[in-house]
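The values are calculated or read from the model by the stated rules, or taken from the named source; none is laboratory data. Since the structure is predicted, the reported quantities are computational estimates derived from the model, not experimental observations. All Cβ positions, glycine included, derive from the backbone under ideal geometry; neighbour counts span all protein chains shown. Calculation scope for accessible area: heavy atoms of the full protein, side chains included, ligands and nucleic acids excluded. Shrake-Rupley method; radii C 1.70, N 1.55, O 1.52, S 1.80 Å.
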Amino acid sequence: MFVGIDVGTSLVKAAAFDRAGRQLGVEARPVNLDVRHGAVEQWMPAVYAAVSGTLGVLTGRLAEPVELAGLTGQGDGVWLVDAEGRQVRPAISWMDGRAHELVDQWLADGTFEAVFRRTGSAMFPGCPGPLLAWLDRHEPASLDRAAAAVACKDMVFQRLTGAERAVTDVSDASMPFLDPRTRRYDNEVVELLGLTHRGRLLPPIGDPIATGEAAGGGLPPGTRLANGPYDLPACALGAGVTAPGDGLLIVGTCLASLVATTELDLAGEPAGLYISTDRPGHWLRAMPAMVGTAALDWVLATAGARHQELDALLAEAPPGSFGVRVLPYFAPSGERAPFVEPGLRAELLGVSLETRPAHLVRATCEGIGYAARHCLDAAGLTGTLAVCGGGTRSPAWMRLLADVLGRPLRVMEGETGARGAVLAAAERYGAPLDTAAWTEPARVIEPDPGRTAYYAKGYEEHLELLARARERARR
């Protein structure tokens with residue numbers, strides 16, 4: 001029996017798998033986000049309690065002992081912990097927008113581009129660099145008290161194992177301090193961001209990923225545990241996206257596009273990031289857009305509709321929604337991929353008194369599809385495309401996405417991130433698993449040629465509308 005733990009932004013999940021990769025059980029618990037005036041924070045003790053509670057229920061009903069467990073979780077943000085991995089202040093989420101003025105300043109003075117040229121990381125307000133710089137200016141005492149500034153899963157790993165010090169991995173270290181060629185922190189980047197005097201807070205990098213034995217927290221004591229890659233690369237592993245050119249689209253709160261590559265190109269437009277993987281010389285070109293299911297959630301709520309009605313609403317409106325267009329950039333911190341535009345905001349176009357809720361909903365799903373195509377094009381997709389995340393629960397939306405993207409979708413079901421965390425742990429511990437069987441898609445959705453041709457024109461119009469919206473955002 002194998003257990004994967006995925007500590008998400010709003011939901012903690014633990015899934016059990018047998019040796020053949022069949023998902024046998026899942027437990028989940030929600031975790032709260034404290035959102036106020038651009039600040040988005042989480043209470044670490046509540047997150048850890050959700051992890052231990054979820055694991056306790058799951059492992060308590062398993063018929064077989066747990067051979068090993070893998071851990072993944074949300075990336076970015078800043079989780080300040082003491083020497084025992086306990087909270088110094090509430091965790092600052094990747095969704096936080098307070099450091100946007102710093103990012104704006106770095107965009108203007110060239111710091112932003114200089115960091116990208118060294119690391120392949122296009123910073124955004126919720127990533128560790130800007131957040132640590134913001135804390136250094138506004139809450140220096142918090143940094144003084146902290147032993148380390150880690151990612152979510154790193155805090156959980158230290159608490160579950162009782163490790164003497166925090167440790168991270170190359171994937172979480174990728175944004176924005178890691179040199180992707182040496183797989184070590186780039187001290188010049190630390191200096192560029194004015195954080196040399198805080199360098200001690202950067203945790204050691206486990207390369208390969210760190211391992212330990214569970215000391216409790218819902219896992220049977222002594223269970224072998226690996227501190228795997230964070231959720232984006234873990235999902236890529238769980239979907240079998242490892243061959244250069246193959247891609248993954250995660251339709252979740254964040255719309256993440258990932259393409260496997262062996263080429264490191266730091267000369268293009270500064271956007272997205274290169275995520276280092278467990279194999280040196282192999283990266284994931286990532287375009288984690290702020291656009292995602294959160295945009296659809298807002299539109300559904302505004303239209304007075306429920307998630308269960310999504311398929312029916314999509315069936316009510318034709319492709320193009322009678323001219324209604326949605327630029328779905330709803331995040332308070334703007335957009336970060338495949339371009340960085342902190343001031344960009346959502347726009348609803350072509351709306352009239354004749355517009356129905358179904359038109360708005362379909363236009364939003366189409367707009368998210370166009371944003372996904374933009375990201376995948378920029379990331380260099382040339383091979384197969386897998387898709388996972390909460391959005392896959394809507395068959396109608398998946399068919400729409402296949403048409404907008406103009407390519408077959410390998411739909412992954414179940415807990416793809418947890419599955420990838422197990423595969424990473426198995427690789428680290430030398431446990432032989434049939435990776436092909438573990439990453440088999442639930443189904444493949446083929447695009448409709450006629451609708452694909454229609455949406456190809458719509459995509460060009462989307463890019464034109466977006467260009468004008470970006471100009472307005474800079475004024």
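Per-residue ellipticity at 222 nm computed for the chain from its helices equals -11000 deg cm²/dmol, with DSSP H segments shorter than 4 residues left out and the rest contributing -39,500 (n - 2.57).
Rounded, prolate or oblate: which fits the chain when a ≥ b ≥ c are the square roots of the eigenvalues of the alpha-carbon gyration tensor, with rounded for a/c under 1.5 and prolate only if a/b beats b/c? It comes out oblate by the Cα gyration axes. Shown in residue order for region 103-120 are the 3J(HN,Hα) couplings computed by the Karplus curve 6.51 cos²θ - 1.76 cosθ + 1.60 at θ = phi - 60°: 4, 4, 5, 5, 5, 6, 9, x, 4, 4, 5, 4, 5, 4, 5, 8, 10, x Hz (x for Gly and Pro). For the pair GLU84 and PHE322, a Förster radius of 51 Å applied to the C-beta separation gives a FRET efficiency near 0.30, rounded to the nearest 0.05. Principal axis analysis of the Cα atoms in region 323-475 yields extents of 58, 35, 28 Å, listed in decreasing size.
Working from label points 7 Å from Cα in the Cα-to-Cβ sense, the HIS307 to ARG472 distance is 3.1 nm.
Computed on protein heavy atoms with a 1.4 Å probe, the accessible areas place LEU248, LEU232 in the order LEU232, LEU248, largest first. Here is the list for region 89-172: GluC sites (Glu not before Pro) lying in DSSP coil, each with at most 10 other C-beta atoms within 10 angstrom of its C-beta, are GLU164. In region 25-87, the alpha-carbon atoms span a convex hull of 118 Å³ per residue. Using the beta-carbon distance between ASP297 and GLU164 and R0 = 45 Å, what value does 1/(1 + (r/R0)^6) give for FRET efficiency, to the nearest 0.05? Taking R0 as 45 Å, the efficiency between ASP297 and GLU164 is 0.60. For ASP265, the accessible surface of its heavy atoms amounts to roughly 90 Å² (probe 1.4 Å, protein chains only, rounded to the nearest 10). Compactness of region 389-475, taken as the C-alpha radius of gyration over 2.2 N^0.38 Å, stands at 1.56. Taking label positions 7 Å along the Cα-Cβ direction at both VAL26 and GLU440, the computed distance is 1.9 nm, reported to one decimal. Computed with the Debye formula from one identical point scatterer per Cα of region 223-338, without solvent, the log10 of I(q)/I(0) at q = 0.20, 0.21 Å⁻¹ comes to -1.10, -1.15. Give, as ranges by residue number, the residues of region 135-151 whose backbone N falls under 11 Å from the point 7 Å along Cα→Cβ of ARG200. Under cut-off, by backbone N: 144-148. Computed on region 134-286, the Cα convex hull volume stands at 145 Å³ per residue.
Spin-label model, GLU64 to ARG137: label points 7 Å out along the Cα-to-beta-carbon direction sit 5.4 nm apart. In loop segments of region 217-322 as defined by DSSP, the GluC sites (Glu not before Pro) with at most 15 further C-beta atoms inside 10 Å of their C-beta are GLU263.
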